[in-house]
Amino acid sequence: MKVKWKRPFWRSDDGTILAEALLVIPVVTIFAVGILEFGNVFWQRQLLEVGVRDAARYWSRCNPVFATCSLATARNIAIYGNPEGTGELRVPNWEGSGAITILPSVQVTSPSAGDTVVVTGTMTYSPSPIFGFLQIGNISISYTHQERYYGW
């Protein structure tokens, strides 16, 4: 026994676009949000790298004979982008005592050929609420830069 009322539904494609859209839109939305979130992670890592390199460059060129250099100034350059430590953070959530490590922590008075400055910056990336919905926790980002000591 054939059911005649099913026949028009099988032959009609009026709802095809709606059905396909209902399947595709959530997948494309999640994919787009993922691309934006990972782009933000990489952008913040790039800003972290720039800050760490700036601090290493400053500290590797400090010579106490010619100028007064301080670790606070190097940290301010890394974290805020200026020696005064004013304005917005270079990278959101990048602050605190463990945010940046500078070695050696004292100025070199008479450098030798092998003296280097090593600066390490670490931060915790806090995901957006949409990214947090996927049950992905905080991401720890760190970067280390080594530069030869030049002095002035």
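Values quoted throughout were computed directly from the atomic coordinates according to the rules given, and no laboratory measurement underlies them. All figures in this text were calculated on a predicted structure; none of them were measured in a lab. All Cβ positions, even for glycine, are placed from backbone atoms using ideal geometry, and neighbour counts span all protein chains on display.
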**OP:** Any chance you could run the full-extension gain for Phe38 through Glu95? It's 0.36 nm times the residue separation minus the Cα-Cα distance, nm to one decimal.
**Re:** 18.4 nm
Subject >> Least to most buried among Leu103, Leu23 (fewest other Cβ within 10 Å first) >> reply: Leu23, Leu103
Subject >> Nearest 10 degrees, 0 to 90: helix 16-60 Cα axis against the chain principal axis >> reply: 0
Original post:
So how much slack lies between Gln146 and Asn63, counting 0.36 nm per residue of separation and subtracting their Cα-Cα distance, in nm?
Top reply: 28.1 nm
Original post:
What is the fewest-to-most order of Ile141, Ile77, Ile25, Ile30 by other Cβ atoms lying within 10 Å of their Cβ?
Top reply: Ile25, Ile30, Ile141, Ile77
Original post:
Charges only on Cβ, +1 for Lys and Arg, -1 for Asp and Glu: so what's the dipole of the chain about the Cα centre, in debye to the nearest 20?
Top reply: 760
Subject >> 10 Å Cβ shell holding at most 14 others, DSSP loop, trypsin sites (Lys or Arg not before Pro): longest site-free stretch of the chain >> reply: 7-152
Original post:
How many nm is it between the label spots at Ile17 and Ser70, if each spot is 7 Å from the Cα in line with the beta carbon?
Top reply: 6.7
Original post:
How far is helix 71-80 tilted, in degrees, relative to the longest principal axis of the Cα atoms in the chain, given as a value from 0 to 90 rounded to the nearest 10?
Top reply: 20
**OP:** Could you work out the mean projected area of the convex hull around the alpha carbons of the chain, in square nanometres to one decimal?
**Re:** 15.1
**OP:** Find how many whole Å separate the alpha carbon centroid of the range 111-129 from the alpha carbon centroid of the range 55-74.
**Re:** 16
**OP:** May I ask you to compute the full-extension gain from Gln46 to Ile30, defined as 0.36 nm times their residue separation minus their alpha-carbon distance, rounded to one decimal in nm?
**Re:** 3.3 nm
Subject >> Proxy reagent accessibility, fewest Cβ within 10 Å first, across Val28, Val117 >> reply: Val28, Val117
